[in-house]
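First the structure, in the form of structure tokens, and then the observations on it.
What follows draws every value from the coordinates through simple rules; no lab data is involved. Remember, it's a predicted structure, so these values are computed and weren't measured experimentally. Using ideal geometry, Cβ is built from the backbone for each residue, glycine included, and neighbour counts are taken over all protein chains shown.
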Amino acid sequence: MAATLQEILLTPDTQPQVTADCLTLIKQEVSAKSGVSGTAVKLAYKTVNAFASGYLQSMVETLLPEMVAKLEPYWADFNASGASDFGDYLAKRGDEVSEALLEVTDGLAAQSSRATILKAYRSVRGGAAKHVTAALPAVGALVQKYAG
């Protein structure tokens, strides 16, 4: 039986590397954005980075276990399907997967009392699903980097 994502990504030796790769992925995805919504994403990213040094890393570390849990059923189905590219698998289920992942960030936002962060999050949340969906091939590649 294939290993679970928790077993692959959340071990004490691997999780810091996964966190670093997630931060790199976020930076790459943000820098690739264009247009009005891209400008909003870039501004929110800049605001969060300016708000507190290390805040984004802390958030990735906090969110990673829940994100992995949201991806777990897709990973299990992917392995059972015999498909070879997890990113492509995720992209084909883009709306469903992106909303599942955004449930995690929405939950954290609902508990936050940091007005600056909440304002930045709310400014991009409306279009977040399309940005998350666009990043799914890279998310899948990141997972497979550790699974293979």
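Here's a check for you: in region 91-108, which residue that is more than 12 Å from the chain's Cα centre (by Cα) and under 20 Å from Arg122 (Cβ atoms) is surrounded by the most Cβ atoms within 10 Å (Cβ to Cβ)?
Only one residue tops the list, namely Leu108.
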Worksheet item: Which of (1) in contact (Cβ under 8 Å) with a residue 40 or more places away in the chain; (2) exposed (fewer than 13 other Cβ atoms within 10 Å of the Cβ); (3) farther than 19 Å from Phe86 by Cβ is the odd one out, the single condition Ser31 does not satisfy?
Response: (1)
Worksheet item: Within region 1-16, which residues are in contact (Cβ under 8 Å) with a residue 40 or more places away in the chain and either of a type in the set (Ser, Thr, Tyr) or part of a helix (DSSP H, G or I) (or both)?
Response: Thr4, Leu5, Gln6, Ile8, Leu9, Thr14, Gln15
Item to complete: Go through region 39-69 and count every residue that is over 17 Å from the mean Cα position of the chain (by Cα), part of a helix (DSSP H, G or I) and either within 23 Å of Ser112 (Cα to Cα) or not hydroxyl-bearing (Ser, Thr, Tyr) (or both).
Response: 6
Worksheet item: Would you pick out the residues in region 70-90 that are closer than 13 Å to Val143 by Cβ, outside any loop (DSSP other than H, G, I, E, B), of a type outside the set (Lys, Arg) and in contact with a helix residue (DSSP H, G or I) (Cβ under 8 Å, 6 or more places away or on another chain)?
Response: Leu71, Glu72, Tyr74, Trp75, Phe78, Phe86, Gly87, Asp88, Tyr89, Leu90
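Residue by residue, here is whether (1) within 12 Å of Leu101 (Cα to Cα); (2) in contact with a Lys or Arg (Cβ under 9 Å, 6 or more places away or on another chain); (3) touching a residue at least 40 places away in the same chain (Cβ under 8 Å); (4) loosely packed, with under 13 Cβ neighbours inside 10 Å holds:
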position	(1), (2), (3), (4)
Val36	no, no, no, yes
Leu43	no, no, yes, no
Asn49	no, no, no, no
Val60	no, no, yes, no
Tyr74	yes, yes, no, no
Practice prompt. Among the residues of region 76-90, count how many are more than 14 Å from Thr133 (Cα to Cα) and either in contact with a Ser or Thr (Cβ under 8 Å, 6 or more places away or on another chain) or surrounded by fewer than 15 Cβ atoms within 10 Å (Cβ to Cβ) (or both).
Written response: 8
